[in-house]
Amino acid sequence: MTGWAWAALLLYGIWLLSAFGVRAVIQLRRTGDAGFRGLSGRPGSASWWAGVLFVAALLGAVAAPAATLAGLPLLLSEARPVYATGAAITVLGIVGTLAAQTAMGASWRVGVDQAERTALVTSGAFAHVRNPIFTAMMVSGVGLVLMVPNVLAVASLAALVVAVELQVRIVEEPYLQAVHGAAYTEYGATAGRFVPGLGRLRPGTPGPDSG
């Protein structure tokens with residue numbers, strides 16, 4: 001099993017380096033801004049917890065395979081097909097993350113600055129899903145859990161899902177609605193929140209959605 005744990009660490013390192021390091025360098029060279037905005041909201045608020053849980057998820061994804069290497073028992077042992085499937089899903093998530101970031105172009109940010117105004121991206125994967133980067137991140141998270149199925153991996157994925165839900169619903173959607181108004185509502189009526197067809201906005205309403 002140690003081989004799969006090392007593979008999980010390697011893939012996660014590639015994901016971190018490409019999704020944040022390389023992407024930030026590209027963004028800086030193209031726009032003069034690395035795109036990092038950090039935590040938002042006052043300590044204890046839902047938006048603040050979104051950032052805290054996101055950081056916890058990132059750290060947990062490192063801790064999970066490291067803990068397996070240190071002897072933490074797996075929830076599924078001797079399940080090589082599951083581990084291999086997890087590796088394939090993780091690679092898919094990495095590719096999806098990079099593709100979605102590329103499609104976002106100059107509007108790519110980590111966090112939200114309420115005073116900032118960026119273009120609304122509705123092409124590529126964004127034509128079908130409003131948050132394809134987050135979708136791809138969660139796909140990678142599922143893959144890593146399958147590669148190293150221990151309690152820390154499961155907890156890390158749970159933290160990521162809660163963080164993404166809070167970030168999207170409490171921070172990003174209200175921000176985009178305020179900045180783009182009817183254009184965002186019309187776009188949200190056709191594109192799902194995380195998967196096509198689900199979580200679309202109701203035309204003519206500023207916030208509620210269909211699921």
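Any chance region 12-20 includes a residue that's of a type in the set (Ser, Thr, Tyr), more than 24 Å from Ala163 (Cβ to Cβ) and out of contact with any Phe, Trp or Tyr (no Cβ under 8 Å at 6 or more places or on another chain)?
No; the residues of region 12-20 include none that is of a type in the set (Ser, Thr, Tyr), more than 24 Å from Ala163 (Cβ to Cβ) and out of contact with any Phe, Trp or Tyr (no Cβ under 8 Å at 6 or more places or on another chain).
Looking only at region 61-75, which residues are over 25 Å from the mean Cα position of the chain (by Cα) and exposed (fewer than 14 other Cβ atoms within 10 Å of the Cβ)?
Listed by number, the residues that qualify are Ala70, Gly71, Pro73.
Can you tell which of Glu186, Glu172 is within 15 Å of the chain's Cα centre (by Cα), among the charged types (D, E, K, R) and either closer than 23 Å to Leu75 by Cβ or not in a loop (DSSP other than H, G, I, E, B) (or both)?
On inspection, the qualifying residue turns out to be Glu172.
Applying the selection to region 1-44, what residues are outside any helix (DSSP H, G or I) and in contact (Cβ under 8 Å) with a residue 60 or more places away in the chain?
Met1, Gly35, Phe36, Arg37, Gly38, Leu39, Ser40, Gly41
Please work out if Gly71 is assigned to a helix (DSSP H, G or I), free of Cβ contacts under 8 Å to residues at least 60 places away in the same chain and not polar (S, T, N, Q).
no
Answer yes or no as to whether Thr118 is among the hydroxyl-bearing types (Ser, Thr, Tyr) and assigned to a helix (DSSP H, G or I).
In short, no.
Given the criterion in a helix (DSSP H, G or I), within 22 Å of Tyr175 (Cα to Cα) and not charged (D, E, K, R), identify the matching residue among Ala50, Ala61, Ala57.
After ruling out the rest, the residue left standing is Ala50.
Quickly run through region 99-115 and pick out the residues that are assigned to a helix (DSSP H, G or I) and either in contact with a helix residue (DSSP H, G or I) (Cβ under 6 Å, 6 or more places away or on another chain) or among the basic types (Lys, Arg) (or both).
Scanning region 99-115 gives Ala100, Gln101, Ala103, Ala106.
Just for region 121-169: of the residues that are assigned to a helix (DSSP H, G or I) and charged (D, E, K, R), which one is nearest to Val62 (Cα to Cα)?
Ranking the qualifying residues of region 121-169, first place goes to Glu165.
Quick check on this structure: which one of Val110, Val91, Val82 is surrounded by fewer than 19 Cβ atoms within 10 Å (Cβ to Cβ), among the β-branched types (Val, Ile, Thr), under 25 Å from Gly199 (Cα atoms) and in contact (Cβ under 8 Å) with a residue 60 or more places away in the chain?
Val110
If the requirement is being closer than 30 Å to Trp6 by Cα and buried (at least 18 other Cβ atoms within 10 Å of the Cβ), which of these qualifies: Leu157, Leu201, Leu176?
Just a single option satisfies the conditions, and that option is Leu157.
Computed from the coordinates by the stated procedures, all read-outs in this text should not be read as laboratory data. Note that the coordinates shown come from a computational prediction; the quantities given were computed from them, not determined experimentally. As a convention, Cβ positions derive from the backbone with ideal geometry for all residues, glycine included, and neighbour counts pool all protein chains shown.
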